[in-house]
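The values are calculated or read from the model by the stated rules, or taken from the named source; none is laboratory data. If you're wondering where the values come from, they're calculated on a predicted model, not measured in any experiment. Every residue, glycine among them, receives a Cβ derived from its backbone with ideal geometry; neighbour counts consider all protein chains shown. These accessible areas exclude ligands, DNA and RNA; they are computed on the full protein's heavy atoms, side chains included. Shrake-Rupley method; radii C 1.70, N 1.55, O 1.52, S 1.80 Å.
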Amino acid sequence: MKKILALLLAVLMVASLFAGCGSKDTGTKAATDEIPTLKWVTVGSGMPSNYDAWKANMDKYLEEKIGAHIDIEVVGWGDWDTRRNMIVSTNEPYDIMFTNNGTFYNDVAMGAFADISGLLEANAPKLIDLIPADYWDACKVGGGLYAVPTYKDSSSTQYFVYDKAVVESTGLDYASAHTMQDVTPILKAMYEKLGSAPFIMASGGLDAIYSSKYDDLSSGLCAIGVSYTGGEPKVVSVFEQEDVLKDMDTLHEWFNAGYINSDAATLSEAPSYRAAFVAQGWSLAAVTTWGPQMGVDAVAIQYGNTVLSNATVQGSMNCISASCKYPDKALKLLELVNTDSFVRDSLYFGLEGENFKYVDGKVERLNTDWTMAGYTQGTFFQVTQQVTEEFNQWDEVKALNEQAIGSPILGFAFDTAPVADQLQACIAIYTQYRPVLMTGTEEPRALIADMLDEMRASGLDDIIAEAQSQIDAWAK
């Protein structure tokens, strides 16, 4: 009996020891304060050097507001795919994870994310009111809602971006040039001024030619799509459409004329300075982002329509783990990120007094040490304007969202399982052709014919037929 009592006492002592240790596991409660810590996994430039001080400051606020603490893991850009895949495939504990359209549908199919449709109204009513209904629809799969969209430049607008001094030296009306054909004489004049190619591209090419015209169903295959402006949701072979072919012809003309760098098909990364290029964003980004990145004054002129699709909305989302023990608090946290200026600015700019300070109601950045990526977190429209900005660029972003042309299949989720092998094969074929095709290096129509012959032999028409069948059933 004494031995048994001694053994029981030893067991109780060990149990007591473990009970007294605060757990860092996601969603667990530390016995010392009964406050759960929510783990958020996201991508950026790695962990901030002052993260511990920032976290302590944020925890005080969150404890008062929602009765929770936060633990953010910022994974570096180069490590993100590997780290994210490991977390999802091994069911590593987390509460919130950043995601985008590249992996969203597959992760939902794997059961990685929680269906939050029944939790939103009770736990995040302000979030429902903030984000447009169409954006919520873009995050639905099979009737369930699996993500909180990041309400920012959720539509997509392409721009011709120029070094202002160079383009103005041509004396041409660049501000009225909204098509590739309009831009041709401008690039010609810039080429003559510079004596070298003004339009520098890397091997990824100019995908705005098709992405601004066709919704690719988030399939990963740009060779299929539904026109934003065609009315009926008809799936077509994108590279056989005349509006795409017209711009492909012009791109090749630019290459032959020397307006595009001759090594475009093999250049892995474009240089920081380019006298002319195309980028997705908003016009004022020329002043706040593109110009400063190049070290010059820049201007941006819209190319094509502003469009809205599942893919544009899904460019930034945050999902709650299917294993999250506190999905209600996770939603409350995401609501604060999107509606509370203290939380939003802290995530976007860093620690007040160390990374930034407020000056007359605006933000003055004290350094560039904060390594979290603002676009992954929450709405841009709650971010405080910076002292260096004479205007609020987010007003333009919101206006673009509101005027965007919505895809006829916004909210439709393509189940690619029936044609997974065909899809994979066609994506691989496009990947081989893309560097030469999308940089204008070779004559496009013959190249496209060869590419589509290979794709059709690998099941392109099967993919189109399956997608159309699913859209028809969805539209009923």
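Count, please, the residues in segment 136-186 that happen to be closer than 23 Å to Asp115 by Cα and more than 25 Å from the chain's Cα centre (by Cα).
Residues in segment 136-186 being closer than 23 Å to Asp115 by Cα and more than 25 Å from the chain's Cα centre (by Cα): 0 in total.
Would you please list the contacts, defined by Cβ atoms under 8 Å and residues six or more apart or on different chains, that run from a residue in segment 57-82 that is without any contact (Cβ under 8 Å) to a residue 60 or more places away in the chain to a residue that is among the aromatic types (Phe, Trp, Tyr) and part of a strand (DSSP E or B)?
Asp71/Trp40; Glu73/Trp40
When you check Asp369 against the structure, is it among the charged types (D, E, K, R), over 23 Å from Asp52 (Cβ atoms) and open to solvent by 30 Å² or more (accessible area, probe 1.4 Å), yes or no?
Criteria not met by Asp369.
Name every residue in segment 379-402 that is surrounded by 19 or more Cβ atoms within 10 Å (Cβ to Cβ) and among the aromatic types (Phe, Trp, Tyr), in order of residue number.
Phe380, Trp394
So which of Ile463, Ile427, Ile405 ends up being among the β-branched types (Val, Ile, Thr) and crowded, with 19+ Cβ neighbours inside 10 Å?
Ile463
From (1) closer than 24 Å to Glu240 by Cα; (2) within 25 Å of the chain's Cα centre (by Cα); (3) free of Cβ contacts under 8 Å to residues at least 24 places away in the same chain, pick out the condition that doesn't hold for Ile429.
Every condition holds for Ile429 apart from (3).
Filter segment 86-99 for residues that are open to solvent by 60 Å² or more (accessible area, probe 1.4 Å) and without any contact (Cβ under 8 Å) to a residue 24 or more places away in the chain; which is farthest from Leu221 (Cα to Cα)?
This residue is Thr90.
Has segment 135-144 got any residue that is among the charged types (D, E, K, R) and either touching a helix residue (DSSP H, G or I) at 6+ places or on another chain (Cβ under 7 Å) or without any contact (Cβ under 8 Å) to a residue 60 or more places away in the chain (or both)? Spell out the reasoning first.
Within segment 135-144, the first condition is being among the charged types (D, E, K, R), and the residues that meet it are 137, 140.
Cutting the leftovers down to either touching a helix residue (DSSP H, G or I) at 6+ places or on another chain (Cβ under 7 Å) or without any contact (Cβ under 8 Å) to a residue 60 or more places away in the chain (or both) gives us none.
Within segment 135-144, not a single residue is among the charged types (D, E, K, R) and either touching a helix residue (DSSP H, G or I) at 6+ places or on another chain (Cβ under 7 Å) or without any contact (Cβ under 8 Å) to a residue 60 or more places away in the chain (or both).
Considering each of Ser203, Ser154, Ser212 in turn, give the residue that is farther than 30 Å from Lys65 by Cβ, in contact (Cβ under 8 Å) with a residue 40 or more places away in the chain and open to solvent by less than 20 Å² (accessible area, probe 1.4 Å).
Exactly one of Ser203, Ser154, Ser212 is farther than 30 Å from Lys65 by Cβ, in contact (Cβ under 8 Å) with a residue 40 or more places away in the chain and open to solvent by less than 20 Å² (accessible area, probe 1.4 Å), namely Ser212.
Looking only at residues in segment 430-441 that are out of contact with any Cys (no Cβ under 9 Å at 6 or more places or on another chain) and either aromatic (Phe, Trp, Tyr) or modelled with pLDDT under 95 (or both), which one is least open to solvent (accessible area, probe 1.4 Å)?
Checking each candidate, the answer is Tyr433.
If you take just the helices (runs of 4 or more DSSP H) that sit entirely in segment 276-346, which of them hold at least 1 residues that are of a type in the set (Lys, Arg)?
Helices (runs of 4 or more DSSP H) meeting the threshold: 327-339.
Report, by residue number, each residue of segment 254-275 that is outside any helix (DSSP H, G or I) and surrounded by 18 or more Cβ atoms within 10 Å (Cβ to Cβ). Don't jump to the end; show me each part of the working.
Residues of segment 254-275 outside any helix (DSSP H, G or I): 258-275.
Result: Tyr259, Ile260, Asn261, Ala264, Ala265, Arg274, Ala275.
If only one of Leu145, Leu251, Leu221 is touching a strand residue (DSSP E or B) at 6+ places or on another chain (Cβ under 8 Å) and open to solvent by less than 30 Å² (accessible area, probe 1.4 Å), which one is it?
That would be Leu251, the only listed residue that is touching a strand residue (DSSP E or B) at 6+ places or on another chain (Cβ under 8 Å) and open to solvent by less than 30 Å² (accessible area, probe 1.4 Å).
Can you tell me which residue is nearest to Gly459 (Cα to Cα) among those in segment 225-244 that are open to solvent by less than 20 Å² (accessible area, probe 1.4 Å) and over 21 Å from the mean Cα position of the chain (by Cα)?
Checked segment 225-244; the qualifying residue nearest to Gly459 (Cα to Cα) is Ser237.
Just checking, which of Thr266, Thr289 is out of contact with any strand residue (DSSP E or B) (no Cβ under 6 Å at 6 or more places or on another chain), farther than 28 Å from Leu217 by Cα and free of Cβ contacts under 8 Å to residues at least 12 places away in the same chain?
From the options Thr266, Thr289, the qualifying one is Thr289.
If only one of Met451, Met455 is in contact with a Cys (Cβ under 7 Å, 6 or more places away or on another chain), at pLDDT 95 or above, assigned to a helix (DSSP H, G or I) and not β-branched (Val, Ile, Thr), which one is it?
From the options Met451, Met455, the qualifying one is Met455.
List every residue pair whose Cβ atoms sit under 8 Å apart, with the two residues 6 or more apart in sequence or on different chains, where the first one lies in segment 397-418 and is over 18 Å from Gly220 (Cβ atoms) and the second, anywhere, is in a loop (DSSP other than H, G, I, E, B) and of a type in the set (Lys, Arg).
Sorted first by the residue in segment 397-418, then by its partner, the pairs are Val397/Lys152.
Quick one: in segment 119-129, which of the residues that are free of Cβ contacts under 8 Å to residues at least 24 places away in the same chain and open to solvent by 70 Å² or more (accessible area, probe 1.4 Å) is nearest to the chain's Cα centre (by Cα)?
Asp129
All but one of (1) out of contact with any Gly (no Cβ under 9 Å at 6 or more places or on another chain); (2) within 20 Å of Tyr433 (Cα to Cα); (3) at pLDDT 95 or above hold for Val238; state the number of the condition that does not hold.
Evaluating Val238 over (1) out of contact with any Gly (no Cβ under 9 Å at 6 or more places or on another chain); (2) within 20 Å of Tyr433 (Cα to Cα); (3) at pLDDT 95 or above leaves (1) as the failure.
Can you tell me which of Gly102, Gly78 is part of a helix (DSSP H, G or I), modelled with pLDDT under 95 and either small (Gly, Ala, Ser) or over 25 Å from Leu221 (Cα atoms) (or both)?
The unique qualifying residue is Gly78.
Exactly one of (1) out of contact with any helix residue (DSSP H, G or I) (no Cβ under 6 Å at 6 or more places or on another chain); (2) within 24 Å of Pro435 (Cβ to Cβ); (3) surrounded by fewer than 21 Cβ atoms within 10 Å (Cβ to Cβ) is unmet by Tyr303. Its number?
Just one mismatch for Tyr303, condition (3).
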